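So the structure is just underneath, and the comments pick up after that.
The values are calculated or read from the model by the stated rules, or taken from the named source; none is laboratory data. Just so you know, these numbers come straight off a predicted model, no measurement behind them. So basically every Cβ, Gly included, is an ideal-geometry build from the backbone, and we count neighbours across all protein chains shown. For the accessible areas, the whole protein counts, side chains as well, though only heavy atoms, and no ligand, DNA or RNA atoms are used. Shrake-Rupley method; radii C 1.70, N 1.55, O 1.52, S 1.80 Å.
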Amino acid sequence: MSGNPGAGGASTNQDLTRVGDFNLSTVTIINHLGDQYPIPFGGVLAELNIYEDIEHNAVTGTAHIVDSYNIIANAELHGNERLIFKLTTPGRPGHLQDSVDASVETGYPFYIFAIKNRKQVSETTVTYQLQFCSHEMMRNTRIRVNRAFTGNLGEMAADILKDKDGLNTKKPVFFEPSRNTDTIVIPNLRPFDALNLISRKALSGNAKGAGYYFYETAKGFYFRSVENMLAYQSTFPRPQIRTLKYERPTNSGTMTSRKVHTHLHNVQSYEFINKFDTLANQALGTYASRVITYNLYDKSYAINDYDYHRQYGQLIHTDTTEDARTKHNYPIARNPIDNDPKEIANAGDKTISDYPESRIILQPSTRYLHGDNTGVFGTSTDSEGLTEAIRISQKNQVHNSTILKLVIPGLSEMQAGDVIRFDYPRMEPNKGDLVETYYPYDPKYSGRYLITKLRHRVIQDEYQMVLECIKDSVYEAQSEVAGEQYYLNPSEQRPAEDLYQKEDGLAEVMTDDGSI
């Protein structure tokens, strides 16, 4: 069916007839006995959601049910059932890479693990929410990894995912080779915990960042750095999968072309969840930090200070392009932030990245732990402090940067980890119309965004996607005057006063009722 609330079957519709159109095969529960129970969309199935998140290791979902057939009892639902369906945007071939395929024939069924919020709404009808997840999330709770791995960390991750004694996934696995090798002993951990441990130690094969993300989408499993999400080979800026705009639907072209353009590019609604939080970022070590590395083998220690602005251009960010000028598109300028001179004479006042004591990190390390003269990342002990500071800063830049929430028509080929472009309109009167003179979109918050969370939502007769995207840079560089003094004069210095001395003798002149 194509957005049709009937029972439906496998759809063959390839034409986009309206914005929000979709193809959805019959959603079916297969119980522990192998019996099938179709859930008609629009009748019994009121809403279907599938969630992806680069911070979560597995895909999860919910199905909102209006049940007048007593499915829970008749299907004997008790948390060991499979949920099968296939969701695509019309015009797509329906392959795994352009669909949400939970079918038995070509995809990977989900597993129901809970029933929540069960309510009786009439004498014969109840509503409830089925919660489901990928097979690997279920298997993760049942097994442990207890072995040593040696070699490339990307290959270690693929080994755990594909090993028949590990997660034993049949899904595609996409991993980025790391530039570091190491010996890592997994001490009886769940597979996801083991993969998360390895991800914290992995260093991008081609980029200079630190730390990987391990996550699942409807297309497969990923083990990669944020640079690899933003750039091919973690080096060459990755083209955006879509350019999205908040504008009136076009009135030019044929009706079909207008529908396709609106479906592919128009944003139904947007909001900025966060634009910046310098207080949190300063405290968390995003802009500056000091890592004290203590070596347990020879009792030596080293101190490494991290400077955000010095490191920024060496890493890949959302607005990084072939243009070398984008290496300075940091969201917070290098301007002085206080009347606080730098230690170097005549170098101006301190910037936000000149305060390494904003966060102090104590990092234990051991040489020759597995016979090699290496540290916690399997690399030289000389660089591990700075590497840890970069890892923390990069993680914070994903969590605490500009966060944009978009609602768009459903596009089944999109996934968490993709890059989009958002043409955010300027707010000034008329400036958006003067294309010859002005950039028509917002010069800071337009541009490239990384999708960190994605929700496929099918409700009533419409397929939507809710995207949460981050930007750790700005489209046009901030204005700055580096190496100068803070632009405000120091405030008048006032003395500290001892309250007891100030109030000395006051009690002697007070009346009985407490007045003076």
Extent along principal axes [Cα atoms of the range 208-249; Å; largest to smallest]: 41, 25, 14
Kirkwood hydrodynamic radius over Cα pairs of the chain, then Stokes diffusion coefficient at 37 °C and 0.692 mPa s, in µm²/s: 125
One computes Rg over Rh for the range 1-155 from alpha-carbon atoms, with the Kirkwood Rh, and obtains 1.03
Quick one: Debye curve from the alpha-carbon atoms of the range 324-477 only, equal weights, vacuum; give me log10 I(q)/I(0) at q = 0.09, 0.13 Å⁻¹ to two decimals. -0.52, -0.91
Degrees separating the helix 384-399 axis from the principal Cα axis of the chain, which is the longest one: 60
Given a Förster radius of 41 Å and the C-beta distance between K299 and F272 as r, what FRET efficiency does 1/(1 + (r/R0)^6) yield to the nearest 0.05? 0.25
Normalized C-alpha radius of gyration of the range 289-339, against 2.2 N^0.38 Å? 1.65
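For every other residue with a beta carbon closer than 13 angstrom to the beta carbon of A416, add +1 if it is Lys or Arg and -1 if Asp or Glu, then tell me the sum.
Details: positive: K219, R224, K453, R455; negative: E52, D53, E55, E216, E413, D418, E468.
Within the 13 Å Cβ shell, the charges total -3.
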What order do you get for 136-142, 28-34 when each peptide is scored by the mean count of other beta carbon atoms within 10 Å, highest first? 136-142, 28-34
The helix 153-162 Cα axis meets the longest alpha-carbon principal axis of the chain at an angle in degrees, between 0 and 90 and rounded to 10, of 30
Relative contact order (percent, whole number), the chain, Cα cutoff 8 Å, 6+ residue spacing: 16
The percentage of the accessible area of the chain (probe 1.4 Å, all protein chains present) made up of carbon and sulfur atoms, to the nearest whole number, is 50
Grab the beta carbon distance between A73 and T366, set R0 = 56 Å, and tell me the FRET efficiency rounded to 0.05. 0.45
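Which net charge results for the neighbourhood of T235, defined as the other residues with beta-carbon distances under 14 angstrom from its beta-carbon, given Lys and Arg at +1 and Asp and Glu at -1?
Overall, the nearby charge balance is +2.
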Pull out a ≥ b ≥ c, the square roots of the eigenvalues of the alpha-carbon gyration tensor of the range 187-238, then state rounded if a/c is under 1.5, prolate if not and a/b is larger than b/c, and oblate in the remaining case. oblate
What shape does the range 135-192 take by its C-alpha gyration tensor, where a ≥ b ≥ c are the square roots of the eigenvalues and a/c under 1.5 counts as rounded, a/b above b/c as prolate, and the rest as oblate? oblate
Using only protein heavy atoms and a 1.4 Å probe, report how much of D15 is accessible, in Å² to the nearest 10. 100
On a straight-distance basis, which lysines could pair with K201 in a cross-link, Cα separation under 28 angstrom, same-chain partners fewer than 8 positions away excluded? K162, K164, K170, K171, K219, K299, K327, K395, K453, K471
Could you give the dipole magnitude of the chain about its Cα centre, charging the beta-carbon of Lys and Arg +1 and that of Asp and Glu -1, in debye to the nearest 20? 2040
What is the sum of charges around E357, taking Lys and Arg as +1, Asp and Glu as -1, for the other residues whose C-beta is under 11 Å from the C-beta of E357? 0
Which distance in Å, rounded to a whole number, links the C-alpha centroids of the range 461-491 and the range 102-159? 37
Reachable aspartates and glutamates from K116, criterion Cα separation under 18 angstrom, eight or more residues apart if same chain: E47, D67, E76, E81
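Given a 1.4 angstrom probe, what's the average accessible area per residue across the chain, in square angstrom?
Details: 25280 Å² over 516 residues.
Here the residues of the chain average 49 Å² of exposed surface.
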Not counting ligands, DNA or RNA, and with a 1.4 Å probe, what is D298's accessible surface area in Å² rounded to the nearest 10? 60
I'd like to know which of A283, H261, A202 lies farthest towards the positive end of the charge dipole of the chain, counting +1 on Cβ of Lys and Arg and -1 on Cβ of Asp and Glu. H261
If one compares the long axis through the Cα atoms of helix 191-201 with the longest principal axis of the Cα atoms of the chain, the angle in degrees, nearest 10, works out at 40
